[in-house]
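Read the structure below first, then the notes.
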């Protein structure tokens with residue numbers, strides 16, 4: 001008489017190789033989400049000009065960066081308020097808003113994050129590169145932001161410097177007979193962000 005193994009025992013024999021294989025696979029990495037604090041963020045710029053450099057600032061509305069620490073695939077946006085840009089000179093600011101930024105028509109500058117290169121340190125200092133596109137003056141342009149970061153617990157301090165070739169990107173050159181300005185504006189962002197869990201951050205985006 002042939003004895004049959006109980007059903008559960010048969011299933012266990014069939015599944016045991018699969019379970020052993022699954023145990024050797026790494027667990028899926030949880031997304032890293034950094035929520036930036038607008039009150040602790042400063043966006044400044046410098047434009048070289050005849051005789052002196054022009055210094056100014058932008059307002060910062062919001063920012064969220066979400067990325068997979070294994071693949072670097074990212075999403076999220078940094079939203080700068082173009083309408084709040086100022087240099088401390090009323091006449092110059094009128095030209096900047098009316099002829100260069102055209103901020104009545106394009107009140108926001110948005111950096112769409114697509115890829116994060118580099119590892120966020122468990123603690124202390126590190127370097128990252130944020131790859132994505134900048135939406136400015138009605139068009140999108142590829143841009144990379146190199147960032148120096150300092151992590152203290154769940155708080156991230158970051159600084160990035162990059163150039164915006166605003167004339168090549170379709171904005172008006174404000175130079176005239178007695179004043180010449182450079183065609184690139186140097187931008188610096190200093191910010192503070194906080195790490196959130198995937199559940200706390202939700203889906204993010206706009």
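What to note about this one:
- Semi-axes of the equivalent ellipsoid for segment 17-152, Cα gyration tensor, largest first, Å: 39, 16, 12
- Relative packing of 50-57, 111-118, 158-165, which averages over residues the other C-beta atoms within 10 Å, highest first: 111-118, 158-165, 50-57
- Taken as Cα centroids, segment 149-166 and segment 76-137 sit 13 Å apart, rounded to the nearest whole angstrom.
- With a cut-off of 13 Å on the backbone N, the residues of segment 89-124 near the modelled label site 7 Å out from residue 195 along Cα-Cβ are 119-124.
- Once the C-beta distance of residue 188 and residue 133 is scaled by a Förster radius of 30 Å, the resulting FRET efficiency is 0.90 to the nearest 0.05.
- Rounded FRET efficiency, nearest 0.05, which uses the C-beta distance separating residue 42 from residue 144 and R0 of 35 Å: 0.95
- Ranked by how many other Cβ atoms sit within 10 Å of their own Cβ, fewest first, the residues 91, 175 fall in the order 91, 175.
Here, each number is a calculation from the coordinates, and none is a lab measurement. Only a predicted model underlies this, so the values are computations on that prediction, with no experimental measurement involved. Please note: Cβ atoms are built from the backbone with ideal geometry, for glycine as well, and neighbour counts cover all protein chains shown.
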